[in-house]
1. If you take the residues of the stretch 35-60 that are crowded, with 16+ Cβ neighbours inside 10 Å and assigned to a helix (DSSP H, G or I), which of them is nearest to the chain's Cα centre (by Cα)?
2. Take the residues of the stretch 253-302 that are touching a Phe, Trp or Tyr at 6+ places or on another chain (Cβ under 7 Å) and not in a helix (DSSP H, G or I): which is surrounded by the fewest Cβ atoms within 10 Å (Cβ to Cβ)?
3. Go through the residues of the stretch 128-135 one by one and say whether even a single one is assigned to a loop (DSSP other than H, G, I, E, B), in contact with a Leu (Cβ under 6 Å, 6 or more places away or on another chain) and without any contact (Cβ under 8 Å) to a residue 40 or more places away in the chain.
4. Testing residue 247 on (1) surrounded by fewer than 17 Cβ atoms within 10 Å (Cβ to Cβ); (2) at pLDDT 75 or above; (3) not polar (S, T, N, Q), one condition comes back false. Which one is that?
5. Taking residue 32 as the residue in question, decide whether it is more than 25 Å from residue 267 (Cβ to Cβ), in a helix (DSSP H, G or I) and under 28 Å from the mean Cα position of the chain (by Cα).
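The values are calculated or read from the model by the stated rules, or taken from the named source; none is laboratory data. All values reported here derive from a predicted model rather than from experimental measurement. Please note: Cβ atoms are built from the backbone with ideal geometry, for glycine as well, and neighbour counts cover all protein chains shown.
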Amino acid sequence: MAKSYTKIRSTRAEKAIALAFFTPFALLFAIFTIAPVVVALVLSTTNYSVIQPIPIFNAIDNYIYMFTQDEIFITALQNTITFAIFLGPLGYVVSFMVAWILNSLKGKNLFALLFYAPSITSAIAMGVVWLYFFSPDRYGFVNNFLFDMGWISEPILWTRDPERILFITVVVSVWMGMGNGFLAFLAGFQNLDKEIFEAGSIDGIKNKFQELIYILLPMMKPMLLFGAITTIAGAFAVNDIPLTLAGYPGPQNAAMTIVGYMNDYAFTRLDLGYASAVAVFLFAVTFAFGRIVMKVLGSKDE
């Protein structure tokens with residue numbers, strides 16, 4: 001009986017300690033994550049500006065206006081989807097392949113740092129650097145090079161041309177957005193058991209491509225899932241790079257994104273009701289894509 005009582009007390013003490021460590025996180029998560037989502041969902045059904053005393057309930061009018069009359073939102077949605085297509089699959093595949101290649105090189109830590117550095121640098125700072133490259137005057141790096149080569153006779157308006165600015169922002173965003181997934185992939189490669197590759201060679205795997213298909217991809221599922229989730233979140237949250245390169249709202253809203261449009265309504269027009277509707281839509285889309293990725297790359301237990 002004494003041993004049983006001591007064991008019960010020990011178990012209760014362990015649960016109390018675990019609860020004490022978990023409670024601060026749970027409170028902060030509820031206050032700064034769950035509560036803002038709930039408030040945004042409620043405000044999205046209202047007509048509310050910060051100069052109003054109380055919100056005015058309007059049901060789903062914000063959503064109806066968003067999809068039927070708001071042409072700028074549709075443009076921002078199209079641009080964001082373009083970013084997601086390139087920054088998502090393209091950045092995902094490129095970061096995986098680069099991690100795979102670097103993992104077999106000597107001095108891979110140095111190369112990894114060079115490749116990852118843009119991701120930990122401020123998007124505004126990197127946007128300013130790229131703005132120098134694509135400056136629309138004679139002294140921009142690209143224009144200056146083209147002048148010296150004799151290929152152009154007048155400056156190309158890279159950041160002022162609606163047909164070019166989206167392409168430029170996509171390229172810069174892809175270049176900056178591959179770091180997080182790349183780091184996860186590289187860490188996954190380095191933690192794989194080498195005995196598995198020896199067993200694979202005995203079972204008939206003859207080259208690196210077969211090794212990639214039959215060993216690496218199945219064993220890298222957790223890292224593939226993490227990289228996919230972070231890539232999707234980054235693709236739909238693009239804002240700083242287009243804002244720096246194109247300005248706001250940019251030439252004919254050619255580089256406008258949903259996040260930029262939401263920020264405009266929230267912090268410039270102070271229309272929190274409509275901004276919340278845009279935020280809820282963005283949250284729903286990101287969540288839906290995240291669930292799809294979880295179904296494809298997640299295990300049955302997740």
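1. Step by step, filter the stretch 35-60, then rank; the result is 40.
2. So, considering only residues that are touching a Phe, Trp or Tyr at 6+ places or on another chain (Cβ under 7 Å) and not in a helix (DSSP H, G or I), the one surrounded by the fewest Cβ atoms within 10 Å (Cβ to Cβ) is 271.
3. Pass one, the stretch 128-135, residues assigned to a loop (DSSP other than H, G, I, E, B): 134-135.
Narrowing the set further to residues that are in contact with a Leu (Cβ under 6 Å, 6 or more places away or on another chain) leaves none.
Checked the stretch 128-135: no residue is assigned to a loop (DSSP other than H, G, I, E, B), in contact with a Leu (Cβ under 6 Å, 6 or more places away or on another chain) and without any contact (Cβ under 8 Å) to a residue 40 or more places away in the chain.
4. Going through the list (1) surrounded by fewer than 17 Cβ atoms within 10 Å (Cβ to Cβ); (2) at pLDDT 75 or above; (3) not polar (S, T, N, Q), residue 247 breaks only (2).
5. Working: more than 25 Å from residue 267 (Cβ to Cβ): no; in a helix (DSSP H, G or I): yes; under 28 Å from the mean Cα position of the chain (by Cα): yes.
Taking the combined requirement at face value, the residue does not satisfy it.
Residue-wise test of (1) within 30 Å of residue 142 (Cα to Cα); (2) in a loop (DSSP other than H, G, I, E, B); (3) β-branched (Val, Ile, Thr).
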site: 164; (1), (2), (3): yes, no, no
site: 170; (1), (2), (3): yes, no, yes
site: 175; (1), (2), (3): yes, no, no
site: 181; (1), (2), (3): yes, no, no
site: 201; (1), (2), (3): no, no, no
site: 205; (1), (2), (3): no, yes, yes
site: 229; (1), (2), (3): no, no, yes
